[in-house]
Amino acid sequence: MTTAPAPLRVAVLSFAHTHAISYVHALKAMPGIELIAADPDGAAAPDDAPRGAELAAQLGVAYVESYDEAFAWKPDAVVVASENSRHRALVERAAAAGAHVLCEKPLATTPADAAAMQEACERAGVILMVAYPVRFAPAFRDALAQLRGGRLGAVLGVTGTNNGKLPQDRAWFTDPELSGGGALVDHVVHCADLLDELLGERVATVRAVSNRILHGQRDLTVETGGLVTLRYPSGVVATIDCSWSQPMSAATWGGLTLQIIAERGTVTVAPFAKGVAGHDAHGETWDPVGADLDALLLAEFVAAVREGRRPQPDAGVGVRTVEIVAAAQASAARGGEVTPLPSP
(Lines give C-alpha, C1' and ligand atoms only; values in the text may rest on other atoms or scores of the structure.)
Protein backbone atom coordinates (compact mmCIF):
# COMPACT_ATOMS: atom_id res chain seq x y z
CA MET A 1 0.00 0.00 0.00
CA THR A 2 1.43 3.36 -1.11
CA THR A 3 1.52 6.14 1.48
CA ALA A 4 0.41 9.53 0.22
CA PRO A 5 3.15 12.19 0.39
CA ALA A 6 2.86 14.77 3.14
CA PRO A 7 1.03 17.94 2.09
CA LEU A 8 3.20 20.75 0.78
CA ARG A 9 2.90 23.80 3.05
CA VAL A 10 2.88 27.05 1.03
CA ALA A 11 2.64 30.61 2.37
CA VAL A 12 1.65 33.51 0.13
CA LEU A 13 3.51 36.55 1.47
CA SER A 14 1.63 39.77 0.66
CA PHE A 15 -1.32 40.60 -1.58
CA ALA A 16 0.39 43.75 -2.92
CA HIS A 17 0.70 42.38 -6.45
CA THR A 18 -2.56 41.65 -8.22
CA HIS A 19 -1.20 38.30 -9.41
CA ALA A 20 -1.33 37.09 -5.81
CA ILE A 21 -5.04 36.53 -6.28
CA SER A 22 -4.59 34.15 -9.21
CA TYR A 23 -1.70 32.43 -7.41
CA VAL A 24 -4.02 31.66 -4.49
CA HIS A 25 -6.67 30.31 -6.86
CA ALA A 26 -4.09 28.10 -8.61
CA LEU A 27 -2.67 26.73 -5.35
CA LYS A 28 -6.12 26.02 -3.91
CA ALA A 29 -6.93 23.95 -6.99
CA MET A 30 -3.87 21.72 -6.55
CA PRO A 31 -4.06 18.50 -4.54
CA GLY A 32 -1.79 18.07 -1.54
CA ILE A 33 -1.32 21.79 -0.76
CA GLU A 34 -1.79 23.42 2.63
CA LEU A 35 -2.06 27.16 2.12
CA ILE A 36 -1.91 30.28 4.26
CA ALA A 37 -1.46 33.97 3.50
CA ALA A 38 -0.01 36.98 5.31
CA ASP A 39 -0.30 40.62 4.24
CA PRO A 40 0.72 42.85 7.16
CA ASP A 41 1.57 45.78 4.89
CA GLY A 42 -1.91 45.86 3.40
CA ALA A 43 -3.37 48.16 6.06
CA ALA A 44 -0.92 50.92 5.13
CA ALA A 45 -1.35 50.54 1.36
CA PRO A 46 -1.79 53.88 -0.46
CA ASP A 47 -5.05 52.84 -2.15
CA ASP A 48 -8.41 51.22 -1.41
CA ALA A 49 -7.82 47.89 -3.15
CA PRO A 50 -8.78 44.91 -0.96
CA ARG A 51 -5.83 43.59 1.02
CA GLY A 52 -5.10 41.69 4.21
CA ALA A 53 -7.68 39.63 6.08
CA GLU A 54 -10.51 41.07 3.99
CA LEU A 55 -9.07 39.76 0.74
CA ALA A 56 -8.05 36.45 2.33
CA ALA A 57 -11.67 35.92 3.41
CA GLN A 58 -12.88 36.67 -0.11
CA LEU A 59 -10.41 34.14 -1.49
CA GLY A 60 -11.20 31.54 1.17
CA VAL A 61 -7.60 31.16 2.33
CA ALA A 62 -6.37 30.90 5.93
CA TYR A 63 -4.78 34.14 7.11
CA VAL A 64 -2.15 35.11 9.68
CA GLU A 65 -1.46 38.67 10.79
CA SER A 66 2.32 38.81 10.41
CA TYR A 67 5.25 37.38 8.50
CA ASP A 68 6.57 36.10 11.86
CA GLU A 69 3.47 33.91 12.16
CA ALA A 70 3.79 32.80 8.54
CA PHE A 71 7.36 31.59 9.07
CA ALA A 72 6.51 30.08 12.47
CA TRP A 73 4.08 27.86 10.51
CA LYS A 74 7.23 26.37 8.88
CA PRO A 75 6.25 26.53 5.21
CA ASP A 76 7.99 24.31 2.69
CA ALA A 77 7.69 27.09 0.11
CA VAL A 78 6.61 30.71 -0.13
CA VAL A 79 5.23 32.92 -2.87
CA VAL A 80 6.51 36.49 -2.51
CA ALA A 81 4.03 38.94 -4.04
CA SER A 82 4.94 42.07 -2.10
CA GLU A 83 5.88 45.52 -3.36
CA ASN A 84 9.09 45.28 -5.41
CA SER A 85 11.38 46.97 -2.89
CA ARG A 86 10.30 44.47 -0.21
CA HIS A 87 11.22 41.37 -2.21
CA ARG A 88 14.79 41.07 -0.97
CA ALA A 89 14.00 41.00 2.76
CA LEU A 90 11.27 38.38 2.33
CA VAL A 91 13.32 36.18 -0.01
CA GLU A 92 16.34 36.25 2.29
CA ARG A 93 14.13 35.46 5.27
CA ALA A 94 12.63 32.51 3.40
CA ALA A 95 16.09 31.25 2.46
CA ALA A 96 17.17 31.44 6.09
CA ALA A 97 14.08 29.40 7.02
CA GLY A 98 14.86 26.76 4.38
CA ALA A 99 11.75 27.56 2.32
CA HIS A 100 11.73 27.44 -1.47
CA VAL A 101 10.72 30.71 -3.15
CA LEU A 102 8.62 31.85 -6.07
CA CYS A 103 9.17 35.62 -6.29
CA GLU A 104 7.03 38.06 -8.25
CA LYS A 105 8.76 39.99 -11.02
CA PRO A 106 10.95 41.97 -11.11
CA LEU A 107 13.17 39.99 -8.78
CA ALA A 108 14.43 43.22 -7.17
CA THR A 109 14.74 46.95 -7.77
CA THR A 110 18.54 46.89 -8.17
CA PRO A 111 20.99 44.38 -9.65
CA ALA A 112 22.87 44.25 -6.33
CA ASP A 113 19.72 43.22 -4.45
CA ALA A 114 18.85 40.63 -7.11
CA ALA A 115 22.34 39.09 -6.94
CA ALA A 116 22.21 39.01 -3.13
CA MET A 117 18.89 37.16 -3.24
CA GLN A 118 20.27 34.62 -5.68
CA GLU A 119 23.33 34.07 -3.48
CA ALA A 120 21.23 33.69 -0.32
CA CYS A 121 19.07 31.00 -1.90
CA GLU A 122 22.04 29.16 -3.38
CA ARG A 123 23.79 29.12 0.01
CA ALA A 124 20.63 27.81 1.67
CA GLY A 125 20.07 25.18 -1.02
CA VAL A 126 16.55 26.39 -1.82
CA ILE A 127 14.86 27.14 -5.12
CA LEU A 128 14.45 30.74 -6.26
CA MET A 129 12.07 30.93 -9.21
CA VAL A 130 10.88 34.20 -10.77
CA ALA A 131 7.24 34.72 -11.75
CA TYR A 132 7.42 35.08 -15.53
CA PRO A 133 4.22 33.26 -16.55
CA VAL A 134 4.38 34.23 -20.25
CA ARG A 135 7.22 31.70 -20.57
CA PHE A 136 4.47 29.06 -20.32
CA ALA A 137 2.24 30.47 -23.06
CA PRO A 138 1.63 27.84 -25.76
CA ALA A 139 2.21 30.50 -28.43
CA PHE A 140 5.69 31.21 -27.09
CA ARG A 141 6.50 27.52 -26.65
CA ASP A 142 5.44 26.86 -30.26
CA ALA A 143 7.58 29.72 -31.58
CA LEU A 144 10.56 28.52 -29.55
CA ALA A 145 10.17 24.99 -30.92
CA GLN A 146 10.05 26.26 -34.52
CA LEU A 147 13.18 28.34 -34.08
CA ARG A 148 15.15 25.69 -32.22
CA GLY A 149 14.12 23.12 -34.80
CA GLY A 150 15.84 25.23 -37.48
CA ARG A 151 12.71 25.71 -39.56
CA LEU A 152 13.06 29.50 -39.77
CA GLY A 153 16.83 29.88 -39.59
CA ALA A 154 18.62 32.32 -37.31
CA VAL A 155 16.80 35.15 -35.56
CA LEU A 156 17.63 38.54 -37.08
CA GLY A 157 15.55 40.87 -34.91
CA VAL A 158 12.61 41.05 -32.51
CA THR A 159 9.95 43.69 -31.88
CA GLY A 160 8.31 43.36 -28.48
CA THR A 161 5.41 45.17 -26.85
CA ASN A 162 4.04 44.99 -23.34
CA ASN A 163 1.39 47.68 -23.09
CA GLY A 164 -1.15 48.04 -20.32
CA LYS A 165 -3.24 50.41 -18.26
CA LEU A 166 -1.79 52.76 -15.69
CA PRO A 167 -1.98 50.55 -12.53
CA GLN A 168 -3.73 53.19 -10.45
CA ASP A 169 -5.81 50.66 -8.49
CA ARG A 170 -2.53 49.56 -6.85
CA ALA A 171 -0.91 52.92 -6.17
CA TRP A 172 2.44 51.47 -5.08
CA PHE A 173 3.23 50.73 -8.74
CA THR A 174 3.74 54.48 -9.25
CA ASP A 175 5.61 55.05 -5.97
CA PRO A 176 9.32 54.87 -6.86
CA GLU A 177 10.28 53.91 -3.29
CA LEU A 178 8.11 50.80 -3.44
CA SER A 179 8.23 49.92 -7.15
CA GLY A 180 11.70 51.09 -8.19
CA GLY A 181 10.28 52.96 -11.19
CA GLY A 182 7.36 53.06 -13.61
CA ALA A 183 6.68 51.42 -16.95
CA LEU A 184 10.35 50.58 -17.50
CA VAL A 185 10.29 48.46 -14.33
CA ASP A 186 6.81 47.01 -14.71
CA HIS A 187 6.77 46.00 -18.36
CA VAL A 188 10.31 45.57 -19.72
CA VAL A 189 11.09 42.43 -17.74
CA HIS A 190 8.47 40.11 -19.25
CA CYS A 191 9.73 40.68 -22.80
CA ALA A 192 13.35 40.62 -21.60
CA ASP A 193 12.74 37.19 -20.05
CA LEU A 194 11.29 35.81 -23.30
CA LEU A 195 14.23 37.24 -25.26
CA ASP A 196 16.67 35.67 -22.81
CA GLU A 197 15.14 32.24 -23.46
CA LEU A 198 14.68 32.82 -27.18
CA LEU A 199 18.16 34.09 -28.04
CA GLY A 200 20.29 32.33 -25.43
CA GLU A 201 22.74 35.21 -25.15
CA ARG A 202 23.18 38.14 -22.81
CA VAL A 203 22.41 41.70 -23.83
CA ALA A 204 25.47 43.78 -24.79
CA THR A 205 24.03 47.32 -24.82
CA VAL A 206 20.78 49.06 -23.92
CA ARG A 207 19.29 52.31 -25.16
CA ALA A 208 16.06 53.69 -23.70
CA VAL A 209 13.85 56.75 -23.85
CA SER A 210 10.87 57.48 -21.62
CA ASN A 211 8.36 60.16 -20.67
CA ARG A 212 5.50 60.87 -18.27
CA ILE A 213 2.95 62.36 -20.68
CA LEU A 214 0.57 59.40 -20.99
CA HIS A 215 -2.68 59.66 -18.99
CA GLY A 216 -2.08 63.36 -18.28
CA GLN A 217 -1.28 62.90 -14.59
CA ARG A 218 1.39 65.54 -14.05
CA ASP A 219 1.91 64.58 -10.41
CA LEU A 220 3.42 61.18 -11.29
CA THR A 221 7.13 60.88 -10.59
CA VAL A 222 7.65 57.69 -12.64
CA GLU A 223 7.66 57.15 -16.38
CA THR A 224 4.41 56.09 -18.05
CA GLY A 225 5.85 55.44 -21.50
CA GLY A 226 9.10 54.00 -22.74
CA LEU A 227 10.92 52.35 -25.62
CA VAL A 228 13.96 50.16 -25.03
CA THR A 229 16.41 48.92 -27.66
CA LEU A 230 18.61 45.92 -26.86
CA ARG A 231 21.64 44.90 -28.89
CA TYR A 232 23.10 41.41 -28.53
CA PRO A 233 26.67 40.21 -29.26
CA SER A 234 25.44 38.31 -32.34
CA GLY A 235 24.15 41.56 -33.88
CA VAL A 236 20.46 40.89 -33.16
CA VAL A 237 18.54 44.03 -32.21
CA ALA A 238 15.32 43.81 -30.18
CA THR A 239 12.97 46.58 -29.13
CA ILE A 240 10.48 46.65 -26.25
CA ASP A 241 7.61 49.14 -26.07
CA CYS A 242 6.86 49.00 -22.35
CA SER A 243 4.31 51.83 -22.12
CA TRP A 244 1.25 52.12 -19.90
CA SER A 245 -0.56 53.21 -23.07
CA GLN A 246 -3.81 51.28 -22.76
CA PRO A 247 -6.70 53.71 -22.06
CA MET A 248 -8.35 53.38 -18.67
CA SER A 249 -11.70 52.79 -20.42
CA ALA A 250 -10.39 49.71 -22.25
CA ALA A 251 -12.10 46.41 -21.57
CA THR A 252 -8.82 44.58 -20.89
CA TRP A 253 -5.59 45.38 -19.06
CA GLY A 254 -3.51 45.28 -22.27
CA GLY A 255 -1.30 42.65 -23.84
CA LEU A 256 2.15 41.38 -24.74
CA THR A 257 3.45 40.53 -28.20
CA LEU A 258 6.70 39.49 -29.85
CA GLN A 259 7.29 39.70 -33.59
CA ILE A 260 10.31 37.55 -34.38
CA ILE A 261 12.08 38.15 -37.69
CA ALA A 262 14.19 35.21 -38.83
CA GLU A 263 16.12 34.28 -41.97
CA ARG A 264 13.26 32.31 -43.56
CA GLY A 265 10.15 33.84 -42.06
CA THR A 266 8.52 35.66 -39.19
CA VAL A 267 6.61 34.48 -36.14
CA THR A 268 4.22 36.57 -34.07
CA VAL A 269 3.63 35.61 -30.43
CA ALA A 270 0.47 37.16 -28.95
CA PRO A 271 -0.65 35.09 -25.93
CA PHE A 272 -3.40 37.52 -24.88
CA ALA A 273 -4.90 38.26 -28.30
CA LYS A 274 -7.76 35.75 -28.17
CA GLY A 275 -10.93 36.51 -26.26
CA VAL A 276 -14.66 36.98 -26.34
CA ALA A 277 -15.77 40.59 -26.82
CA GLY A 278 -19.13 42.00 -25.78
CA HIS A 279 -20.90 44.70 -23.78
CA ASP A 280 -22.59 44.97 -20.41
CA ALA A 281 -24.12 47.79 -18.35
CA HIS A 282 -20.66 49.30 -17.83
CA GLY A 283 -19.58 49.25 -21.48
CA GLU A 284 -17.27 47.07 -23.54
CA THR A 285 -16.20 43.70 -22.10
CA TRP A 286 -13.42 41.27 -22.92
CA ASP A 287 -13.03 37.75 -21.58
CA PRO A 288 -9.71 36.14 -22.50
CA VAL A 289 -9.58 32.52 -23.59
CA GLY A 290 -6.73 30.06 -23.56
CA ALA A 291 -4.28 28.65 -21.03
CA ASP A 292 -4.12 29.97 -17.47
CA LEU A 293 -0.48 31.06 -17.46
CA ASP A 294 -0.35 31.72 -13.73
CA ALA A 295 -1.62 28.20 -13.07
CA LEU A 296 1.06 26.76 -15.37
CA LEU A 297 3.70 28.81 -13.56
CA LEU A 298 2.57 27.54 -10.15
CA ALA A 299 2.40 23.96 -11.42
CA GLU A 300 6.05 24.17 -12.50
CA PHE A 301 7.11 25.66 -9.17
CA VAL A 302 5.28 23.05 -7.08
CA ALA A 303 6.56 20.20 -9.25
CA ALA A 304 10.15 21.46 -8.93
CA VAL A 305 9.85 21.69 -5.14
CA ARG A 306 8.46 18.16 -4.92
CA GLU A 307 11.01 16.72 -7.34
CA GLY A 308 14.02 18.59 -5.95
CA ARG A 309 15.03 20.21 -9.23
CA ARG A 310 15.68 23.73 -10.49
CA PRO A 311 12.71 25.24 -12.32
CA GLN A 312 12.72 27.83 -15.06
CA PRO A 313 12.63 30.84 -15.07
CA ASP A 314 15.29 30.75 -12.34
CA ALA A 315 17.16 33.38 -10.34
CA GLY A 316 19.76 33.75 -13.07
CA VAL A 317 17.31 35.20 -15.57
CA GLY A 318 15.79 37.24 -12.75
CA VAL A 319 19.17 38.91 -12.19
CA ARG A 320 19.80 39.44 -15.91
CA THR A 321 16.42 41.09 -16.50
CA VAL A 322 16.92 43.43 -13.52
CA GLU A 323 20.29 44.41 -15.03
CA ILE A 324 18.50 45.29 -18.28
CA VAL A 325 15.98 47.47 -16.43
CA ALA A 326 18.73 49.26 -14.51
CA ALA A 327 20.61 49.94 -17.75
CA ALA A 328 17.41 51.19 -19.39
CA GLN A 329 16.77 53.56 -16.49
CA ALA A 330 20.33 54.87 -16.68
CA SER A 331 20.08 55.33 -20.45
CA ALA A 332 16.75 57.18 -20.25
CA ALA A 333 18.12 59.45 -17.51
CA ARG A 334 20.95 60.41 -19.89
CA GLY A 335 18.67 61.19 -22.81
CA GLY A 336 18.90 57.81 -24.52
CA GLU A 337 22.64 57.27 -24.27
CA VAL A 338 23.76 53.76 -25.26
CA THR A 339 24.58 51.92 -22.03
CA PRO A 340 26.68 48.74 -21.91
CA LEU A 341 25.74 45.95 -19.55
CA PRO A 342 28.41 44.53 -17.23
CA SER A 343 30.21 41.45 -18.47
CA PRO A 344 29.13 38.19 -16.81
Q. Filtering the stretch 215-234 down to residues that are open to solvent by 40 Å² or more (accessible area, probe 1.4 Å) and assigned to a loop (DSSP other than H, G, I, E, B), which residue is nearest to Gln329 (Cα to Cα)?
A. Thr221
Q. Of these, Glu34, Glu69, which one is without any contact (Cβ under 8 Å) to a residue 40 or more places away in the chain, charged (D, E, K, R), part of a strand (DSSP E or B) and open to solvent by 40 Å² or more (accessible area, probe 1.4 Å)?
A. Glu34
Q.
Can you pull out every residue in the stretch 89-105 that is closer than 16 Å to Val189 by Cβ and open to solvent by 20 Å² or more (accessible area, probe 1.4 Å)?
A. none
(Q) Please determine whether any residue of the stretch 18-29 is open to solvent by less than 30 Å² (accessible area, probe 1.4 Å) and without any contact (Cβ under 8 Å) to a residue 40 or more places away in the chain. (A) yes
**Q.** Flag for Ala81 being more than 22 Å from Arg309 (Cα to Cα) and either touching a residue at least 24 places away in the same chain (Cβ under 8 Å) or open to solvent by 60 Å² or more (accessible area, probe 1.4 Å) (or both)
**A.** yes
(Q) Given (1) at pLDDT 95 or above; (2) under 28 Å from Ile324 (Cα atoms), identify the lone condition not met by Arg264. (A) (2)
Q. Checking Asp39 against (1) within 18 Å of Ala131 (Cβ to Cβ); (2) surrounded by fewer than 17 Cβ atoms within 10 Å (Cβ to Cβ), which single condition isn't satisfied?
A. (2)
Q) So which of Ala281, Ala304, Ala315 ends up being among the hydrophobic types (A, V, I, L, M, F, W, C) and open to solvent by 80 Å² or more (accessible area, probe 1.4 Å)? A) Ala281
Q. Which ones in the stretch 248-278 are touching an Asp or Glu at 6+ places or on another chain (Cβ under 6 Å), among the hydrophobic types (A, V, I, L, M, F, W, C) and open to solvent by less than 80 Å² (accessible area, probe 1.4 Å)?
A. Ala251
Q) Does Gly149 fit the bill of being under 19 Å from Val203 (Cα atoms) and either of a type in the set (Gly, Ala, Ser) or at pLDDT 95 or above (or both)? A) no
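The values are calculated or read from the model by the stated rules, or taken from the named source; none is laboratory data. Quantities reported herein were computed from a predicted structural model and do not represent experimental measurements. Quick reminder, even Gly has a Cβ in these numbers, built from the backbone with ideal geometry, and neighbours come from all protein chains shown. For accessibility, only protein heavy atoms count, side chains too; no ligands or nucleic acids. Shrake-Rupley method; radii C 1.70, N 1.55, O 1.52, S 1.80 Å.
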